[in-house]
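Read through the structure below, which is laid out as structure tokens, and then see the notes.
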Amino acid sequence: MTEQIDWGNLPFGYMKTDYNVRCYYRNGKWGEVEVSSSEEINLHMAATCLHYGQEAFEGLKAFRCPDGKVRVFRMEANAERLQRTCRGIMMPEMPTEKFCEMAKQVIMLNERFIPPYESGASLYLRPLLIGTGAQVGVKPADEYLFIIFVTPVGPYFKGGFSVNNYAIVRDFDRAAPLGTGTFKVGGNYAASLRANKKAHDAGYACEFYLDAKEKKYIDECGAANFFGIKDNTYITPKSESILPSITNKCLQQLAKDLGMNVECRPVPTEELSTFEEAGACGTAAVISPIGRIDDIEKGQSYVISKDGKPGPVSTRLYQLLRDIQYGIAEDKHGWVTVL
Ligand code: PLP
Ligand code: COI
């Protein structure tokens, strides 16, 4: 059946695979891991995930490598970020060890869906944790369900590693400084849908949010962090309302390894025009090089790529990251698990 999949032209979308893995939290503890071939879940209509947004998710990738092995990238870091999110919306934390065991199990159970190396596609893991216990008053549930499903995916932004244009949307905020923007919860994405449609309808790859308080600084885009490059320096926003991107942290480390400086600080919109290169980065996006950012409400354009091609530093960082993910370059920082 998988012979019919056009691996080289996969969208970033859902495809049914063979199995998912599940674990229930009841009576104050996590139960045994269950393997399921159902795509559905049975849910109480008063479950807190449906009413009060007790939903957290993660995103990570597994790769079929040229040496024939399967590698999964930054599994522990994703487990730890999920725990942080759980603390943020009062859900029980899934221990790192169990998270990793389940991730490895679901990858191997769906091995035939891991795209071939040559396709450039990967197997995307989507862990999610939801409050399943019934409540009508606003309070945390007493029962939870953790699931990991997988789906083979292609690039998130058009063309993968190719230049796209982005739009700053001043008439929407995705997250407030002391809100949930720093956690990976479904509500942040619901809050992004209208702005995302506006950007897409106007022909942009994605919307960029400014800091909600002053509307002066770049926060992040709908599904990825921002970085800019100039004067041998990797610059990325410091903000209370953005997701701490694991890809961004890897790129910061790789930039340091290349002898670059790294600055994590507020990035005012006016600075955009001074960058030699810029990109959106994340698990789904990897690096999506930025051609131009239009501040649509202000009628201002910041051109970053003059020739419509990815810049040399972004290209180097992209290749280094991919080579580590595919086991081609040495995994100096212990980011990869070989299955
Ligand atoms: N920012 C947002 C809002 C995201 O949804 C994502 C995707 O996970 C990222 C940034 C990138 O984070 P990561 O590199 O950990 O995938
Ligand atoms: C990811 O990069 O893993 C994301 O979660 C982004 C998006 C698909 C929500």
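Structural remarks
- Condition check for residue 149 on (1) away from ligand 2 (no atom under 16 Å from the Cβ); (2) within 25 Å of residue 15 (Cα to Cα); (3) assigned to a strand (DSSP E or B): one failure, at (1).
- Residue 146 vs. criteria under 30 Å from residue 108 (Cα atoms) and modelled with pLDDT of 95 or more: yes
- Selection from segment 248-285 of residues that are away from ligand 1 (no atom under 14 Å from the Cβ) and assigned to a helix (DSSP H, G or I): 255, 256, 257, 269, 270, 271, 272, 273, 274
- Failed item in (1) modelled with pLDDT of 95 or more; (2) within 16 Å of ligand 2 (Cβ to nearest atom); (3) closer than 26 Å to residue 307 by Cβ, with residue 244 passing the rest: (3)
- When residue 97 is tested against (1) assigned to a helix (DSSP H, G or I); (2) under 23 Å from residue 323 (Cβ atoms), just one condition goes unmet, and that condition is (2).
- Among strands (runs of 3 or more DSSP E) entirely within segment 1-65, having at least 2 residues that are surrounded by fewer than 10 Cβ atoms within 10 Å (Cβ to Cβ) singles out no element at all.
- The set of residues in segment 171-189 that are free of Cβ contacts under 8 Å to residues at least 40 places away in the same chain and away from ligand 1 (no atom under 12 Å from the Cβ) comprises 172, 173.
- Residue count, segment 246-263 (criterion: out of contact with any helix residue (DSSP H, G or I) (no Cβ under 9 Å at 6 or more places or on another chain) and of a type outside the set (Asp, Glu)): 5
- The single residue among 176, 199 that is of a type in the set (Gly, Ala, Ser) and buried (at least 17 other Cβ atoms within 10 Å of the Cβ) turns out to be 199.
- Among the candidates 288, 245, 241, residue that is within 15 Å of ligand 1 (Cβ to nearest atom), within 29 Å of residue 185 (Cβ to Cβ), free of Cβ contacts under 8 Å to residues at least 40 places away in the same chain and surrounded by 21 or more Cβ atoms within 10 Å (Cβ to Cβ): 245
- In segment 58-102, residue nearest to ligand 1 (Cβ to nearest atom) [restricted to those that are touching a residue at least 24 places away in the same chain (Cβ under 8 Å) and on the phi > 0 side of the Ramachandran plot]: 74
- Taking the numbered list (1) surrounded by fewer than 20 Cβ atoms within 10 Å (Cβ to Cβ); (2) at pLDDT 95 or above in turn, residue 168 passes all entries but (1).
- All positions within segment 1-53 that are within 16 Å of ligand 1 (Cβ to nearest atom) and in contact with a Phe, Trp or Tyr (Cβ under 6 Å, 6 or more places away or on another chain): 12
- Any hit, segment 148-158, residues being in contact with a His (Cβ under 9 Å, 6 or more places away or on another chain), touching a residue at least 60 places away in the same chain (Cβ under 8 Å) and away from ligand 1 (no atom under 16 Å from the Cβ): no
The values are calculated or read from the model by the stated rules, or taken from the named source; none is laboratory data. Computed from a predicted structure; not experimentally measured. Methodologically, a virtual Cβ is constructed for each residue, glycine included, from the backbone with ideal geometry; neighbour enumeration extends over all protein chains shown.
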